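Before any comments, here is the structure.
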Amino acid sequence: MTHDELIALDHQYVMPTYGRFDVDIDHGQGATLYDAAGKEYIDFTSGIGVCALGHGNQGWIDAIGQQAAKLGHCSNLYYSAPYAKLAQTLCERSSMAAVFFGNSGAEANEGMIKLARKYSFDKYGKGRGTILTLQNSFHGRTITTLTATGQEVFHNYFFPFNAGFRYAQANSMESVEHAAGHDVCAVMLELIQGEGGVLPMDKDFVHDLAVLCAERDWLLLVDEVQTGIGRTGSLFCFQQYGILPDAVSFAKGIAGGLPMGGVLANEKCRNVLGPGSHGSTFGGNPICAAAACSVLEQLNDDLLTAVIEKGDYIRAKLKRKKIPGLGAVRGMGLMLGIEVTGERTNKELAALLAQNGLLILTAGTSLRMLPPLVITKAEIDKGLSILEQTLRG
Ligand SMILES: *Cc1c(COP(=O)(O)O)cnc(C)c1O
């Protein structure tokens, strides 16, 4: 199939929900992708923060193949070893107590919202179901997680949206206090707002928020769908903020490219969602769980240290190059946002860069980099030189 034939098929048979780049992807190795015609692209996207181990990772391929040959699916009516092993690793490495497995970030956040409301209902009864979220946040595309998302542009078309969410300004305890009330059961936030523009929360704000949550028995819910699984240089970003959330959602990177998500809960919340209160047909699928075990096994201290080093390397290089049209760099580890200051918008730039062989994301008005955690220095150099040539050209 040629590139043009593929595009024609997509346009004829696929709902037009995505504004796709004029690029087809056929296969990849490490942080390098190839289209069907063999053209090379440096991958600064990992999907959208999904392919933590890059493309064609042998350990990941073997884990999936072996598990697929053994058992491809089994319902949650029965026990099976892959999800149990994964649960143990996740809990031990996050200091959390128990996990629920689903399939995506939005589903994970839905579970976390249900957990918070039931915790409150069990203890205080009705009327305490409101969750505070932050302006400029992103929590998913289901009706409830869209409502939780603190951006007006998302609160459109799909009326009626759900009750039970109020929004506070990020990094402002005053705004949180203003949004507070007797109906609140939880605060949900991203420690680095990803889709919003790669905007890290202030450590003081997060600390004060954690204290306030503890005082009022609000659950502290951290959406680590994008920041989790090594992206910022620790397994979860909260581990660098010095807090222990009541619940943490994860997805994107967990299974290295297969669909998986979930919610981790601390000791206080581990039994809130009892039998019959929540579930997911595909949740904890053995192949996805085996893939996730391979991701976590490879995501050891050495790789986590390398994530920090590579992030620092990219920042230092961007600083030295002083590329025209690019401004300040924000973020942690390999989750980086680059301010766009030139004539072209971030989206125009990303399209141009794709044509020149560099895949990069946008967020807010910035460029966003979420490269595979295993990206090599050579691939980083190649990607940054395409960035430089494109902007100087
Ligand atoms: C991507 C993302 C989601 C939604 O994840 P899906 O798997 O697309 O449902 C939720 N929260 C954050 C912070 C995200 O980055």
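Results for (1) surrounded by 14 or more Cβ atoms within 10 Å (Cβ to Cβ); (2) within 23 Å of the chain's Cα centre (by Cα); (3) of a type in the set (D, E, K, R); (4) at positive phi, shown as yes or no for each residue.
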| position | (1), (2), (3), (4) |
| --- | --- |
| A8 | no, no, no, no |
| Q12 | no, no, no, no |
| M15 | no, no, no, no |
| Y18 | no, yes, no, no |
| G30 | yes, yes, no, yes |
| G38 | no, no, no, yes |
| T45 | yes, yes, no, no |
| I48 | yes, yes, no, no |
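With (1) farther than 30 Å from G279 by Cβ; (2) free of Cβ contacts under 8 Å to residues at least 40 places away in the same chain as the list, and L199 as the residue in question, which single condition is left unmet?
Result: L199 fails condition (2) only.
Across the range 119-146, what is the total count of residues that are in contact with a strand residue (DSSP E or B) (Cβ under 8 Å, 6 or more places away or on another chain), in a helix (DSSP H, G or I) and either over 18 Å from L220 (Cα atoms) or among the charged types (D, E, K, R) (or both)?
Of the residues in the range 119-146, 0 are in contact with a strand residue (DSSP E or B) (Cβ under 8 Å, 6 or more places away or on another chain), in a helix (DSSP H, G or I) and either over 18 Å from L220 (Cα atoms) or among the charged types (D, E, K, R) (or both).
Residues in the range 223-240: is at least one within 19 Å of G111 (Cβ to Cβ), among the aliphatic types (A, V, I, L, M) and either over 13 Å from the mean Cα position of the chain (by Cα) or surrounded by 21 or more Cβ atoms within 10 Å (Cβ to Cβ) (or both)?
Scanning the range 223-240, I find at least one residue that is within 19 Å of G111 (Cβ to Cβ), among the aliphatic types (A, V, I, L, M) and either over 13 Å from the mean Cα position of the chain (by Cα) or surrounded by 21 or more Cβ atoms within 10 Å (Cβ to Cβ) (or both), so the answer is yes.
Enumerate the strands (runs of 3 or more DSSP E) found wholly within the range 2-118, keeping only those where 2 or more residues are touching a residue at least 40 places away in the same chain (Cβ under 8 Å) and within 16 Å of the ligand (Cβ to nearest atom).
Once the strands (runs of 3 or more DSSP E) in the range 2-118 are filtered for at least 2 residues that are touching a residue at least 40 places away in the same chain (Cβ under 8 Å) and within 16 Å of the ligand (Cβ to nearest atom), what remains is 98-102.
Can you tell me which residue within the range 363-389, out of those that are hydroxyl-bearing (S, T, Y) and surrounded by fewer than 20 Cβ atoms within 10 Å (Cβ to Cβ), is farthest from G337 (Cα to Cα)?
Result: T376.
Just wondering, is there one or more residues in the range 203-215 that are within 16 Å of the ligand (Cβ to nearest atom) and either under 28 Å from T89 (Cα atoms) or in contact (Cβ under 8 Å) with a residue 24 or more places away in the chain (or both)? Explain how you work it out, then say what you get.
Taking the range 203-215 first, the residues within 16 Å of the ligand (Cβ to nearest atom) are 206.
Keeping just the survivors that are either under 28 Å from T89 (Cα atoms) or in contact (Cβ under 8 Å) with a residue 24 or more places away in the chain (or both) gives 206.
Yes, the range 203-215 contains a residue that is within 16 Å of the ligand (Cβ to nearest atom) and either under 28 Å from T89 (Cα atoms) or in contact (Cβ under 8 Å) with a residue 24 or more places away in the chain (or both).
I'm checking my understanding of the structure. Among residues of the range 265-286 that are among the aliphatic types (A, V, I, L, M) and buried (at least 22 other Cβ atoms within 10 Å of the Cβ), which one is farthest from the ligand (Cβ to nearest atom)? Explain how you work it out, then say what you get.
Within the range 265-286, the first condition is being among the aliphatic types (A, V, I, L, M), and the residues that meet it are 265, 272-273.
Filter again for buried (at least 22 other Cβ atoms within 10 Å of the Cβ), leaving 265, 272.
Details: A265: 17, V272: 21 Å.
Ranking the qualifying residues of the range 265-286, first place goes to V272.
Could you tell me whether V248 is in a strand (DSSP E or B) and either among the aromatic types (F, W, Y) or over 20 Å from M335 (Cα atoms) (or both)?
It is false that V248 is in a strand (DSSP E or B) and either among the aromatic types (F, W, Y) or over 20 Å from M335 (Cα atoms) (or both).
Residue by residue through the range 256-296, note down the ones that are of a type in the set (K, R) and assigned to a loop (DSSP other than H, G, I, E, B).
R270, the sole residue that qualifies.
Select from the range 241-264 the residues that are more than 18 Å from M112 (Cβ to Cβ) and buried (at least 24 other Cβ atoms within 10 Å of the Cβ) and write down the one among them that is farthest from the ligand (Cβ to nearest atom).
G256
Bear in mind that the values in this text are calculations on the coordinates, not laboratory data. Just so you know, these numbers come straight off a predicted model, no measurement behind them. Cβ: placed from backbone, ideal geometry, glycine included. Neighbour counts: every protein chain shown.
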